[in-house]
Amino acid sequence: MYSNLVKLRKERGISQQKMAELVGCSLRSYNRNENGHANFKINEMEIIKNHFKLPMDEIFLKYEPIKNAKEDDKYDKCKIL
C-alpha cells in the first residue's frame, strides 16, 4: 500500500475515481495500484507526482525513521522499506 499517496489523496479530498481519471485508468486498476496489489506505470507515477508537486520518493516509497535521528537528517537516517 502506498500510504503516503492515500494520505495525500484523502487530505486533499480527492476520490480514487478522480485520481483514476487524472491518471487515465479504470477505478479498479487505480484501486489495485494504490493498495499495492499491482504497480503504477512510470507515466502514471509522473502524472501523480506532478499533480501533488512532490518528488516521487515522498509519494511512493515507504520510509522508517531510525531512532534518534535529527529532523534535519531524517532521510539520511532511515531505511527504505
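The table below lists the values:
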{"quantity": "Integer Hz, Karplus 6.51/-1.76/1.60 couplings in order for region 10-18, x for Gly and Pro", "calculated": "5, 4, 9, x, 9, 7, 4, 4, 5"}
{"quantity": "18 Å Cα-Cα threshold exceeded, pairs from K7/K62; K18/K62; K7/K41", "calculated": "K18/K62; K7/K41"}
{"quantity": "For A38, distant residues with modelled amide H under 5 Å away", "calculated": "N33"}
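Quick note: the coordinates plus some simple rules give every number you see, no bench work behind them. Values in this document were obtained by computation on a predicted structure and should not be read as measured data.
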